[in-house]
Amino acid sequence: MSAFAALFRRELSLMWASGGLMTPLGYFVGAATLTPLAMGPDRALLATAGPPLVWIAAALAVMATLERLFQADLEDGSLDQMMLSEAPLEALVLAKGAAFWCVVGAPLALAGAPVSIALQAPIDRIPLIVAALGVGAAAFIGVGLVGAAVTAGVRRGGVLIALIVLPFFAPPVIFGAAIASGEDVEAAFLILLGCALGATAIGPFAAAAALRLQAE
Amino acid sequence: MGQSHPFSKSATLRVEGLSLRRGQRQLAEGLSFVAPAGAFVELRGGNGAGKTTLLRTIAGFGRPAEGTIVYENLAEPALSIHYVGHLNALKGSETVAAHVGYWAGLFSSPADMVEVLGRVGLERQRDLPARVLSQGQARRLALSRLLLAPRPIWVLDEPSAGLDAQGRAMIAKLIEAHTNNNGIALAAVHEPLGPSPSITLTVGG
Amino acid sequence: MLSYFANPARFMTLSAWASPIFLGIAFVLFAVGTPWALWLSPADYQQGETVRIMYIHVPAAWWSLGIYALMGAASLVSLVWRHALADVAARSAAPIGATFAAICLVTGSLWGAPTWGTWWEWDGRLTSMLVLFIIYLGYIALWNAVDDEDRAARLAAILCLVGLINLPIIKFSVDWWSTLHQPASILRMGGSAIDESMMGPLFTMAGAFFSLFAGLLMVNMRAAIHRRRVESSRIRQEQA
């Protein structure tokens with residue numbers, strides 16, 4: 001079994017064991033629930049303004065789970081061992097990101113369906129919104145890896161991570177929200193895909209560089 | 001396993017004029033030593049003298065402020081070194097067997113789990129999650145990673161921390177087997193580990 | 001050439017007289033540029049007198065971007081050559097860049113009131129500047145949050161470079177977004193062709209902002225280097 005696969009499988013089971021799936025999902029649904037509470041339940045208003053807000057909830061949910069991603073490994077010494085692995089640290093970081101997408105990103109995208117319906121998105125647009133959320137989550141996580149890596153040594157760094165990654169969440173939120181509200185969908189989806197590819201290409205390198213510094 | 005294939009006799013760890021810093025703080029200056037294949041290097045020195053920094057630098061985690069470390073006839077440090085530091089790198093929810101299996105995957109080794117756990121005395125705990133292990137058992141599990149892949153250099157930071165007399169005897173046996181196999185072992189210690197060191201180095205004042 | 005000035009001791013002697021000179025140049029340029037911009041230059045045929053806000057708004061925008069690019073260059077030097085002076089430069093530049101971005105945002109908001117009839121318009125340029133401002137805040141916060149200074153410097157350098165890669169993407173996204181949501185043609189700040197008579201005061205003010213930045217940067221860097229020296233002499237005393 002390659003080191004990549006080993007790490008991927010272990011992360012899945014560790015995240016699963018720590019109830020990793022339910023917390024961000026609950027957070028996502030909870031944040032989305034606040035939307036009609038803030039705007040009022042008027043269906044016409046929700047139909048125009050609601051669906052893009054799914055993206056705010058998704059961004060918040062990913063952000064809230066980033067803090068411990070590398071911090072735990074730094075604190076218990078696992079990071080040192082990862083650096084001595086046969087596989088390059090960049091590949092291990094990518095594996096971690098992939099596992100994170102499976103446990104947090106994909107369920108969020110699926111939960112995006114009922115949440116968008118509740119926010120009055122048209123039914124025929126739901127598959128597209130779910131697909132876009134899945135792609136967007138990859139972009140969020142790619143950036144999030146860097147945010148989590150540079151703040152791994154900071155105690156209670158949750159708010160700091162949020163501040164650091166928020167501006168970089170802007171492009172996926174812009175294109176994702178455009179898809180959710182049905183504007184210029186095709187172009188937006190392609191660019192969103194580009195954002196996700198770029199973030200997964202650059203994120204692991206920057207994050208691994210930061211983690212090497214953390215271990216110094 | 002390592003026993004059947006001894007390491008190269010020509011492998012040498014050469015440390016020349018090493019200076020170490022933590023932040024702006026000077027820790028040690030002008031450290032030099034040569035550890036040939038089969039050497040056991042004992043590091044001594046008080047708290048804050050820089051033993052851990054020295055070991056981490058040799059393991060390749062940090063760069064020395066001055067001086068060089070030469071790994072002669074050895075692969076790059078990341079592939080020729082095992083490091084066991086103060087932290088055991090265990091995850092509370094993971095069982096002993098899962099931990100060993102996982103790191104065997106990361107070190108790409110076809111290690112025999114029963115043999116490895118036998119040598120560190122954890123055969124009976126193999127299905128226990130790490131969070132219920134005693135301090136000594138957790139340390140044994142951390143040390144078991146040394147046996148997963150044959151790597152010529154062992155870098156150990158107070159390996160006997162938390163271990164009883166039996167555990168210390170186990171470490172002594174592991175180190176002896178390793179050096180007899182042409183391996184190089186470096187250990188920061190407070191009291192002698194057992195095997196007579198070929199080099200004793202005092203770090204700091 | 002660069003490595004010649006990169007020696008901290010040489011930097012200290014050089015900056016001791018260079019920073020007052022830059023601050024002096026800034027003072028002169030502001031003294032010339034302010035009356036030129038406020039009284040001597042013509043009013044805009046569409047926007048009237050309010051166009052004069054441009055002479056602060058636009059240079060602040062240019063240099064807050066320019067400073068970030070300089071920080072990116074310093075970060076690269078810090079990561080590749082591990083040069084302490086580059087760390088100090090990047091760290092010292094950040095609060096100045098953030099302040100310029102804030103000046104740009106505040107003047108943009110003030111300009112919006114007479115031009116668009118609102119104190120905040122989600123105009124593409126202003127929005128990009130707001131994102132840049134938040135990036136600055138995150139960068140400064142990371143520096144302050146990490147205890148070990150050398151480590152903080154390199155982590156911040158990584159973040160800065162990731163930000164530099166992202167800036168054009170963010171700019172592109174925001175432009176895309178603002179054309180998507182811009183129904184009618186509205187006045188764009190500094191977007192239309194600028195009359196030649198406005199160039200003189202604009203570039204004077206841009207020069208003033210740059211000199212101010214250069215002077216303040218050196219003052220900040222000198223303070224940071226002094227602080228480090230005090231700290232290391234304390235450590236030496238403790239070890240002696």
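Being assigned to a strand (DSSP E or B), of a type in the set (A, V, I, L, M, F, W, C), within 14 Å of chain A (Cβ to nearest Cβ) and buried (at least 19 other Cβ atoms within 10 Å of the Cβ) narrows it down to one residue among B:LEU74, B:LEU31, B:LEU20; which is it?
B:LEU20
Within segment A:12-58, the set of residues being within 14 Å of another protein chain (Cβ to nearest Cβ) and at pLDDT 85 or above comprises A:LEU12, A:SER13, A:LEU14, A:MET15, A:PRO52, A:TRP55.
Any residue at all in segment B:113-136 that's buried (at least 23 other Cβ atoms within 10 Å of the Cβ), on the phi < 0 side of the Ramachandran plot and either assigned by TED's automatic domain parsing to the domain that holds B:ARG14 or hydroxyl-bearing (Ser, Thr, Tyr) (or both)? Looking for residues that are buried (at least 23 other Cβ atoms within 10 Å of the Cβ), on the phi < 0 side of the Ramachandran plot and either assigned by TED's automatic domain parsing to the domain that holds B:ARG14 or hydroxyl-bearing (Ser, Thr, Tyr) (or both), one finds none in segment B:113-136, hence no.
Whether any residue in segment B:123-135 is at pLDDT below 90, in a helix (DSSP H, G or I) and away from every other protein chain (no Cβ under 12 Å) is what I want to check. Checking segment B:123-135: at least one residue is at pLDDT below 90, in a helix (DSSP H, G or I) and away from every other protein chain (no Cβ under 12 Å).
Looking only at residues of segment B:92-103 that are surrounded by fewer than 22 Cβ atoms within 10 Å (Cβ to Cβ) and touching a residue at least 24 places away in the same chain (Cβ under 8 Å), we find that the one that is nearest to the other protein chains (Cβ to nearest Cβ) is B:SER93.
Here are some residues: B:LEU55, B:LEU43. Which one is at pLDDT 90 or above, touching a strand residue (DSSP E or B) at 6+ places or on another chain (Cβ under 7 Å), in the same structural domain as B:THR179 (by TED's automatic domain parsing) and in a helix (DSSP H, G or I)? Before you say what the answer is, go through the steps one by one.
Numbers: B:LEU43 fails: in a helix (DSSP H, G or I).
Of B:LEU55, B:LEU43, the one residue that is at pLDDT 90 or above, touching a strand residue (DSSP E or B) at 6+ places or on another chain (Cβ under 7 Å), in the same structural domain as B:THR179 (by TED's automatic domain parsing) and in a helix (DSSP H, G or I) is B:LEU55.
Selection of segment A:112-138 for residues being modelled with pLDDT of 95 or more and closer than 15 Å to A:LEU60 by Cβ yields A:LEU133, A:GLY136, A:ALA137.
From the list B:LEU174, B:LEU163, B:LEU186, the one residue that fits, being part of a loop (DSSP other than H, G, I, E, B) and in the same structural domain as B:GLY48 (by TED's automatic domain parsing), is B:LEU163. Of everything in segment A:175-211 that is among the charged types (D, E, K, R) and on the phi < 0 side of the Ramachandran plot, the residue that is surrounded by the fewest Cβ atoms within 10 Å (Cβ to Cβ) is A:GLU186.
Within this structure, B:LEU143 fails the test of being surrounded by 21 or more Cβ atoms within 10 Å (Cβ to Cβ) and assigned to a loop (DSSP other than H, G, I, E, B). Residues of segment B:38-64 that are charged (D, E, K, R) and surrounded by 19 or more Cβ atoms within 10 Å (Cβ to Cβ): B:GLU42, B:LYS51, B:ARG56. Annotation note: Cβ proximity below 6 Å between a residue of segment C:95-107 that is within 14 Å of C:LEU212 (Cα to Cα) and a residue that is surrounded by fewer than 21 Cβ atoms within 10 Å (Cβ to Cβ) (sequence gap 6+ or interchain) occurs for C:ILE96/C:LEU216.
Hey, among the residues in segment B:173-204 that are among the polar types (S, T, N, Q) and touching a Pro at 6+ places or on another chain (Cβ under 6 Å), which one's farthest from B:ARG14 (Cα to Cα)?
If we filter segment B:173-204 for residues that are among the polar types (S, T, N, Q), which is where we start, we get B:179-182, B:196, B:198, B:200, B:202.
Among the residues that remain, those that are also touching a Pro at 6+ places or on another chain (Cβ under 6 Å) are: B:181-182.
Details: B:ASN181: 19, B:ASN182: 16 Å.
If we take residues in segment B:173-204 being among the polar types (S, T, N, Q) and touching a Pro at 6+ places or on another chain (Cβ under 6 Å), then B:ASN181 is farthest from B:ARG14 (Cα to Cα).
Are any of the residues in segment C:151-158 surrounded by 20 or more Cβ atoms within 10 Å (Cβ to Cβ), among the charged types (D, E, K, R) and touching a residue at least 60 places away in the same chain (Cβ under 8 Å)? Looking for residues that are surrounded by 20 or more Cβ atoms within 10 Å (Cβ to Cβ), among the charged types (D, E, K, R) and touching a residue at least 60 places away in the same chain (Cβ under 8 Å), one finds at least one in segment C:151-158, hence yes.
Residue-by-condition table, conditions (1) assigned to a helix (DSSP H, G or I); (2) in contact (Cβ under 8 Å) with a residue 40 or more places away in the chain; (3) among the small types (Gly, Ala, Ser); (4) within 20 Å of C:VAL162 (Cβ to Cβ):
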site: A:GLN120; (1), (2), (3), (4): no, yes, no, no
site: A:ILE126; (1), (2), (3), (4): yes, no, no, no
site: A:ALA149; (1), (2), (3), (4): yes, yes, yes, yes
site: A:ILE191; (1), (2), (3), (4): yes, no, no, yes
site: A:ALA196; (1), (2), (3), (4): yes, yes, yes, yes
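Of the numbered criteria (1) within 11 Å of chain C (Cβ to nearest Cβ); (2) surrounded by 22 or more Cβ atoms within 10 Å (Cβ to Cβ), the one A:ALA148 fails is (1).
The values are calculated or read from the model by the stated rules, or taken from the named source; none is laboratory data. Here the structure is a predicted model, which means the values were calculated and not measured. Reconstructed Cβ throughout: ideal geometry from the backbone, glycine too, with neighbour counts over all protein chains shown.
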